Amino acid sequence: MKQTRPLITEKSMALAQTGWYTFAVTAFARKEQIAKEISRLYNVTVREIRTIRRVGKMHRTGKKMIMKRHTDWKKAMVRLVKGQKIAVFDIGEQAKA
């Protein structure tokens with residue numbers, strides 16, 4: 001599955017401190033596929049997944065103001081086995097130190 005990327009926002013960084021890691025995945029991805037992909041990319045064991053469907057927003061573009069739509073996507077919140085972390089989300093801990 002392509003296009004699995006971490007979502008780095010203030011809210012996702014706060015959630016990472018509590019053990020929930022947030023990723024943007026394709027709209028048709030299933031929970032099993034998401035768990036396999038994250039396990040493969042980051043060498044961790046996924047314990048729980050929650051997904052949220054996000055509808056692409058409409059926006060105007062060009063000289064004639066043509067309406068275009070961003071693609072739909074899915075937000076996946078992942079909890080790992082106790083004691084495991086994903087290094088990408090450790091930015092918030094380094095900033096506090």
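The values are calculated or read from the model by the stated rules, or taken from the named source; none is laboratory data. Owing to the predicted nature of the structure, the values given are computational and were not obtained by experimental measurement. A quick note on method: Cβ atoms are made from the backbone with ideal geometry, for glycine too, and the neighbour counts reach across all protein chains shown.
Restricting attention to the stretch 55-79, report how many residues are modelled with pLDDT of 95 or more and either farther than 24 Å from R40 by Cα or out of contact with any strand residue (DSSP E or B) (no Cβ under 6 Å at 6 or more places or on another chain) (or both).
To start, the set of residues in the stretch 55-79 that are modelled with pLDDT of 95 or more comprises 74-79.
With the extra rule that they be either farther than 24 Å from R40 by Cα or out of contact with any strand residue (DSSP E or B) (no Cβ under 6 Å at 6 or more places or on another chain) (or both), the set shrinks to none.
Of the residues in that region, 0 qualify.
Restricting attention to the stretch 34-53, which residues are over 13 Å from K85 (Cα atoms) and of a type in the set (D, E, K, R)? Spell out how you get there, then give the answer.
Initially, the stretch 34-53 is screened for residues over 13 Å from K85 (Cα atoms), giving 34-37, 40, 48-53.
K36, E37, R40, E48, R50, R53, listed by residue number.
Taking strands (runs of 3 or more DSSP E) that fall entirely within the stretch 13-97, which contain at least 2 residues that are of a type in the set (F, W, Y)? Give the steps one after another, and end with the answer.
Values: elements: 20-26, 46-54, 58-61, 66-69, 73-80.
So the answer is 20-26.
Every residue in the stretch 46-61 that is surrounded by fewer than 11 Cβ atoms within 10 Å (Cβ to Cβ) and closer than 15 Å to A76 by Cα, please.
Result: I52, R53.
For G83, indicate whether it is at pLDDT below 95, small (G, A, S) and at positive phi.
Details: at pLDDT below 95: yes; small (G, A, S): yes; at positive phi: yes.
Taking the combined requirement at face value, the residue satisfies it.
For the subset of the stretch 1-32 comprising residues that are polar (S, T, N, Q) and within 13 Å of K74 (Cα to Cα), which member is surrounded by the fewest Cβ atoms within 10 Å (Cβ to Cβ)?
Taking the stretch 1-32 as the starting set, the residues that turn out to be polar (S, T, N, Q) are 3-4, 9, 12, 17-18, 22, 26.
Imposing the further condition that a residue be within 13 Å of K74 (Cα to Cα) reduces the set to 3-4, 22, 26.
Values: Q3: 13, T4: 17, T22: 20, T26: 15.
Taking the candidates together, the pick is Q3.
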